[in-house]
Every structure is written in C-alpha cells, then in structure tokens.
Amino acid sequence: MSRPLPRGGTLLLAVIAGTAIANNYAVQPALAAVAADLGVPLPVIGLVPTAALTGCMTGFALLLPLTDHLAPNRLVTAQLTALAAALTLAATARDAAVLLAAYLLTGAAASVAAQAGNIAGRHAPPGRAGTGVAVVAAGMSAGILLSRLAGGALTDALGWRRMLLVFAALALLGALAAATLLPRQRPHTDSGYRATLKALPPLLLHQPGLRRAVATGGLWYFAFNLVWIALTLALAQPPHSLGPTAIGLYSLAGLLGFAALPFTGRLTDRYGPHTVITAAMLAAAAGTALLATGLDTPPVTALGLALFDAGCFAAQAANQSRVIALDPARSGSLSSVYLVVYFTVGAVGTAVAAPLLDALGWQGTALTALSASLLAAVLGRR
C-alpha cells in the first residue's frame, strides 16, 4: 500500500510536470535568434524541437519505469537536477552539435512530467486516483500552452541563453521541493530494473486492458495531431492566408481543455474511466464535425477546436488513470509502454497531415479525424 502524498503534494507534482514539459517547447519562438547567435542555418537549429521530442520518447521508454523502483523524492529530484544541468549546457552551447545534444538530454529529463502523473495516481487516497492524475495533467497542459509565450517573452527581455537559465533555476527549485515533500517510500518490487525493461514489450501481449488503452488513446492522439497540423497549413494557404500570430491565437482554444481537466478527474473517480472516455470522445467528435463545416467562420472554428481539445485532454487523463489501475505496482512500466506507443501513433498523424490535406482537402481531413474520434468512443466503452 503506497503512502498518500502530503498536503499539497499533488499540486507540487502538477507544477513540476508543467515546468518540466515546457522545456520541450519554450525555445521554439527563439529558434531564429539561436541560429543567428550561433551562426548556423535555421534548418539546422530547427532540429532542436525534434531532438527534444526524441529525448522525451527515450525518457518514456527508459526512465518512466523507474517509478516502479525508486522512491519518488529521489527519482524526481534526480531528474529535475539533470534537467537543470542539460538546460545549463544548452545555455552555454557555442555550436549546434552541443545544443542538439543538450536538447536530447533536456527532453529525456523532461519526461519527469509523466513520472509526476504516475506518482500522483499511485499515491492518491483510495478512490481519488483519477483526480490526482487529472490535476497533474492540467499542470502539463498549462506548461505546454504557456511555454511558447513564456519562452518568447523571456527571450525578448533577457536573451535566449538567460531564458534557458531561468528554466534551469525553476528545475532546481522543483528538485529542492521534491526532495523535501515527496514520499521517501521505495516501491516494493520483485524484479530489477534490467528485468523490468526486458518485460516491457510483452506487456502488450499479456495485458488486454493495456492494448485497449493504447488503441483508444492512439486513435485520438492521431486525430489530435492530424487536426492541428492540417489546420495550421490550411489557414496559412489561400483563401485564408493568415500569418503565424493569427494562426497561433487559435491555440488559445485549448484553454477549455485545461479548465475541464480537474472536473474530469472527479468524474473519472465517480463514474469510471470508460464512461468519461466515451463522453469525451463524443465531445471531440462534435468539435471535429464543426471543424468539417469549414474554416470561414472563426468563432465556429474556435468552438470546434475548444470541444475537440477538451475531449482529447479529458480522455487522456481518464485513460492514464485506467492504465495505472491495471496494476498499480507496475504502473511505471505500463505507462511507459502506453506513452511510447501513444506518441508513435501521434507522430503518424503528424506525418500524414500534409499529404491528406493535399489529397482530401480540409473537409476530408477533418472527417478522417472525426472517424478516428468516433472509433475511439466505441473502443472506450469496452
């Protein structure tokens, strides 16, 4: 039986998750400044976000299972300290190779955000796991939504190197708080870390509940990436021809999903993840149906995006609760497999967005996402 988190522990984990995952995105508005400072072509510096995502996926695969082996205070403190070190390396980089290596490490250490959600669910009071996971998911969502704004503002005020040092300082503050406040209890396990890694691939074979969670989550993350990438491309082309700032304003529609997450946790605890996932996917499908009517009316587009984002965010929080509940003692390993496959399927949605938009147009692309959302709703009920 895991000891409950201390008062404020879930909120601390939410803040840690948000500030950690933000480092995968905060540098993006500064990429042109970074390229100019280092004297390298922008396409080379454009690989920095790719390096961060690659590192994060590696962290999901190799570091997330450590939640089954190490005490939360030690694990989170170590990863946040490593994150601060990686950001400091990036801030002092004098060439692109060092910067890219630093962002591989940054992305891997930023996977502590997923560990925070796992810890919140495992150490929640009985019957409150869904709420714990949802609160941390809200923190992650806030970090993703606000990261580019914060990164751009800090870069304008301080320069990109000092901006990274500010985020490094935040990571160190989080490490200090984690060392002081998070549980010191080491999870009980009968296997070593190497054996845990070897056991990851067979989990999909032996856990039908995990297979359903992966299939359901993969469908909506495929749809999520498909919609947002295709939307960006469609709005930039005639007849809309919007600039980057105007297109970026549509991302504020995601605030509804962020606001809905705490309620999602309570609903998950009360009615179960299956009910929440189905309802969330129906909301996402309704939003996608609005988007399929066209992009000529900005309020309708914004409403469609708000419903779509809220549905995807809520379903993800409920689905992660379902994964943790399969076997709380192995929740780190289960979450590792889930997130690696989840992000892989999402990457497919990113890759096919432009070809689908060219072949089917915006309406056909939106209807493809609508089909994926409805199928996820059906699978979510099982």
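Right, residue 74: surrounded by fewer than 21 Cβ atoms within 10 Å (Cβ to Cβ), assigned to a helix (DSSP H, G or I) and not aliphatic (A, V, I, L, M) or not? First the steps, then the outcome.
Details: surrounded by fewer than 21 Cβ atoms within 10 Å (Cβ to Cβ): yes; assigned to a helix (DSSP H, G or I): yes; not aliphatic (A, V, I, L, M): yes.
Considered against the rule, which asks whether it is surrounded by fewer than 21 Cβ atoms within 10 Å (Cβ to Cβ), assigned to a helix (DSSP H, G or I) and not aliphatic (A, V, I, L, M), residue 74 comes out as yes.
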Legend entry - Set 38, 31, 13: member being surrounded by 22 or more Cβ atoms within 10 Å (Cβ to Cβ) and in contact (Cβ under 8 Å) with a residue 12 or more places away in the chain: 13
Legend entry - Condition check for residue 66: in a helix (DSSP H, G or I) and either surrounded by 18 or more Cβ atoms within 10 Å (Cβ to Cβ) or in contact (Cβ under 8 Å) with a residue 24 or more places away in the chain (or both): yes
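If you check residue 43 against the conditions, is it closer than 28 Å to residue 342 by Cβ and either under 14 Å from the mean Cα position of the chain (by Cα) or modelled with pLDDT under 85 (or both)? Step through it out loud before you land on a result.
Numbers: closer than 28 Å to residue 342 by Cβ: no; either under 14 Å from the mean Cα position of the chain (by Cα) or modelled with pLDDT under 85 (or both): yes.
Spelling it out, it is not the case that residue 43 is closer than 28 Å to residue 342 by Cβ and either under 14 Å from the mean Cα position of the chain (by Cα) or modelled with pLDDT under 85 (or both).
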Legend entry - Lone qualifier among 38, 70 - being hydrophobic (A, V, I, L, M, F, W, C), modelled with pLDDT under 95 and closer than 26 Å to residue 122 by Cα: 70
Legend entry - Filtered residues of segment 335-346 (kept if modelled with pLDDT of 85 or more and open to solvent by less than 10 Å² (accessible area, probe 1.4 Å)): 338
Inset, instruction - Quick one: residue 81 ticks every box in (1) at pLDDT 90 or above; (2) under 17 Å from the mean Cα position of the chain (by Cα) except a single one, so which number is it? - result: (2)
Inset, instruction - Scan (1) open to solvent by 10 Å² or more (accessible area, probe 1.4 Å); (2) farther than 26 Å from residue 193 by Cα; (3) under 20 Å from the mean Cα position of the chain (by Cα) for the single condition residue 371 breaks and write down its number. - result: (3)
Inset, instruction - Could you tell me which of the residues 83, 75, 5 is touching a His at 6+ places or on another chain (Cβ under 7 Å) and under 21 Å from residue 173 (Cβ atoms)? - result: 5
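Quick test for you: out of 14, 22, 30, 97, pick the one residue that is in a helix (DSSP H, G or I), of a type in the set (A, V, I, L, M) and either closer than 28 Å to residue 196 by Cα or in contact with a strand residue (DSSP E or B) (Cβ under 8 Å, 6 or more places away or on another chain) (or both). Can you show your working first?
Details: 22 fails: either closer than 28 Å to residue 196 by Cα or in contact with a strand residue (DSSP E or B) (Cβ under 8 Å, 6 or more places away or on another chain) (or both); 30 fails: either closer than 28 Å to residue 196 by Cα or in contact with a strand residue (DSSP E or B) (Cβ under 8 Å, 6 or more places away or on another chain) (or both); 97 fails: either closer than 28 Å to residue 196 by Cα or in contact with a strand residue (DSSP E or B) (Cβ under 8 Å, 6 or more places away or on another chain) (or both).
Being in a helix (DSSP H, G or I), of a type in the set (A, V, I, L, M) and either closer than 28 Å to residue 196 by Cα or in contact with a strand residue (DSSP E or B) (Cβ under 8 Å, 6 or more places away or on another chain) (or both) holds for just one of 14, 22, 30, 97, which is 14.
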Inset, instruction - Kindly provide the set of residues from segment 295-328 that are open to solvent by 20 Å² or more (accessible area, probe 1.4 Å) and not in a helix (DSSP H, G or I), ordered by number. - result: 296, 297, 327
Inset, instruction - Being exposed (fewer than 15 other Cβ atoms within 10 Å of the Cβ) and in contact with a Lys or Arg (Cβ under 6 Å, 6 or more places away or on another chain) is the filter here, so list the residues in segment 182-203 that pass it. - result: 185
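May I ask you to list the residues in segment 19-28 that are of a type outside the set (A, V, I, L, M, F, W, C) and open to solvent by less than 10 Å² (accessible area, probe 1.4 Å)?
23
The values are calculated or read from the model by the stated rules, or taken from the named source; none is laboratory data. Bear in mind the structure is a predicted one, so any value in this text is a computation, not a measurement. Positions of Cβ are generated from backbone atoms using ideal geometry, with glycine treated the same way; all protein chains shown enter the neighbour counts. For the accessible areas, the whole protein counts, side chains as well, though only heavy atoms, and no ligand, DNA or RNA atoms are used. Shrake-Rupley method; radii C 1.70, N 1.55, O 1.52, S 1.80 Å.
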